[in-house]
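First up is the structure itself, then whatever we jot down about it.
The values are calculated or read from the model by the stated rules, or taken from the named source; none is laboratory data. Bear in mind that the values here come from a model prediction, so they are computed numbers and not experimental data. When we count neighbours, we look across all protein chains shown, and the Cβ atoms used for this are built from the backbone with ideal geometry, even at glycine.
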Amino acid sequence: MSEHVGYVVKVEKLRPHTNADRLQVATFFGNDTCVGLDVKIGDIGVYFPTDLQLDYDFCVQNHLLRKLIDGTPDKGYMDPNKRNVSTIKLRGEKSDGIYVNISDFDYCFDDDASKYLKIGDTISVVNGHSICQKYIPHSNKQTGNPTEGNRTRKKKVPIAPLFTEHADTEQLAYNLGAFQAGDQIEITLKMHGTSQRTGYLPVFKGYKRSLWDKIMKRDGIPIYKWGYVSGTRRTVLENFNGGFYGSNLFREQHSKFFEGKLHKGEEVYYEVVGFTDTGTPIMASAANKKLNDKAFIKQYGETTTFSYGCESPQSELYVYRMTMTNEDGDVVEYSPDFMRYRCEQMGCKTVPVMWKGFIPADETLEECYNCNGEWGTWRVIRKNTPGEWIMNMAEQYYAGPDPIGKTHTREGVVVRIVNKPKFCAYKHKNFEFKCLEGLVKAEAEAPDMEEAQDEV
């Protein structure tokens, strides 16, 4: 299931706002969301998660903008250019995402939208009308050539055809049905850095040209030889010049680390955290004071810099996945334990493990309570589905100080189903981090580095 969609939902949990008479708080997928007093239990609507961008026409149709692009005032609150869904505290209450009534989609059908949109549906386009997409902030400030060294090789043949991109990691909250009793689970720290990958794979080295090829001015047969190749999440790095910050040299040291250490066919996926070689934080810093949370500022200071114990201009790599690809392109996923074994052999770090184990076959939570100083009897307090059980487990580890540097909040965790033949993992970010992430994305001068690179 894609996370860049809206979800048709039924309002099942609703409570009063603790500090606003004209607001109340609904819960969708475990996320609290502030809604108006017109929302009732049993209503059908659409929940838009954080990091979505709503379509301009959809916002105009439903008066969601504070003003139109031409400056005409409107009745809403969203920025007409960004229109992004964010995580905020609204008068002291957590608000994660946006809920709109199903009637807001009537214009898409010239009819009652509830006839066509049903609970459980996911939407990004409705009857030909664009509704939402992933929000990607745009920078007004770039140093160097943002495309140099960061773009995919534009040749007739790929530089490394077996060099595989890392699979997208979807949100845990929207995929609880993927978990089954007996699944082997590993929960690891999600680290806020930039993705990188390196493989020892067949790499394009030129063409073998016959005399006839030369006469006809043809390329001939591509030649591939075993060699090392590195890239970002989506691109292949042919060199380490340029880059979004004007230099990709901080990546080069981590790429070269694996040379002479990987076996033929191995590809390693890792997060690079800390600072670039020029001293710029790899992931943009955030002003904690904008959260209006005194306890958070007391704990983490006025600014969050995701350093993970690195001092400027240092950076560090943490491996989170390894694969083996044969010459036919068949990919074998390394188990987390074997990945850590190989990383120990190579002398590199892996993402911290927060918990690992199995989902119980029939999990029943029980409690032995004390009554008048004497032990009472055991009582069943709740039964969970496998997905609910693992969500509760993830939320024991997804918040609090980062365990490496301890100077900033955690981004969250990644929950991996180990017993799946293909990579299967889901992310779960904590509320404070999502608030900080939203603040950073609101600053046009400092977008998410990875998203900026994916654009070029």
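Between GLY260, GLY265, the distinction of being within 30 Å of VAL332 (Cα to Cα), without any contact (Cβ under 8 Å) to a residue 40 or more places away in the chain and small (Gly, Ala, Ser) belongs to GLY260 only.
I'd like to check something: does the range 117-138 contain any residue that is under 22 Å from VAL85 (Cβ atoms) and modelled with pLDDT under 80? Yes; the residues of the range 117-138 include at least one that is under 22 Å from VAL85 (Cβ atoms) and modelled with pLDDT under 80.
Cβ-Cβ distances below 8 Å connect the following pairs, each with a first residue in the range 194-211 that is farther than 30 Å from GLU411 by Cβ, a second residue that is in a helix (DSSP H, G or I) and not small (Gly, Ala, Ser), and a separation of six or more residues or different chains: TYR207/ASP213.
Residues of the range 217-233 that are crowded, with 17+ Cβ neighbours inside 10 Å and part of a loop (DSSP other than H, G, I, E, B): THR232 alone.
Identify, from the list ILE98, ILE136, ILE123, the residue that is touching a residue at least 40 places away in the same chain (Cβ under 8 Å), farther than 29 Å from ARG22 by Cα and aliphatic (A, V, I, L, M). One residue alone meets the criteria, ILE136. Within the range 255-295, the residues that satisfy the criterion of being among the aliphatic types (A, V, I, L, M) and closer than 23 Å to ASP402 by Cβ are VAL268, VAL272, VAL273, ILE282, MET283, ALA284, ALA286, ALA287, LEU291, ALA295.
Picking from GLY243, GLY279, GLY274, GLY265, which residue would you name as being on the phi > 0 side of the Ramachandran plot and surrounded by fewer than 16 Cβ atoms within 10 Å (Cβ to Cβ)?
On the way: GLY243 fails: surrounded by fewer than 16 Cβ atoms within 10 Å (Cβ to Cβ); GLY274 fails: surrounded by fewer than 16 Cβ atoms within 10 Å (Cβ to Cβ); GLY265 fails: surrounded by fewer than 16 Cβ atoms within 10 Å (Cβ to Cβ).
GLY279 is the lone residue from the list that is on the phi > 0 side of the Ramachandran plot and surrounded by fewer than 16 Cβ atoms within 10 Å (Cβ to Cβ).
Being outside any strand (DSSP E or B), polar (S, T, N, Q) and under 14 Å from THR407 (Cα atoms) is the filter here, so list the residues in the range 296-313 that pass it. Explain how you work it out, then say what you get.
Going through the range 296-313, the residues outside any strand (DSSP E or B) turn out to be 296-302, 305-313.
Add one more test, that the residue is polar (S, T, N, Q), and what stays is 299, 305, 307, 312.
Within the range 296-313, GLN299, THR305, SER307 meet the criteria.
Exactly one of these conditions fails for ASN81: (1) in a loop (DSSP other than H, G, I, E, B); (2) over 28 Å from the mean Cα position of the chain (by Cα). Give me its number. Result: ASN81 fails condition (2) only.
As a summary of the residue check, THR50 satisfies the conditions (1) more than 21 Å from ASN292 (Cα to Cα); (2) touching a residue at least 40 places away in the same chain (Cβ under 8 Å); (3) outside any strand (DSSP E or B) except for the one numbered (1). Looking only at the range 40-73, residues that are crowded, with 16+ Cβ neighbours inside 10 Å and not β-branched (Val, Ile, Thr) come to 16 in all.
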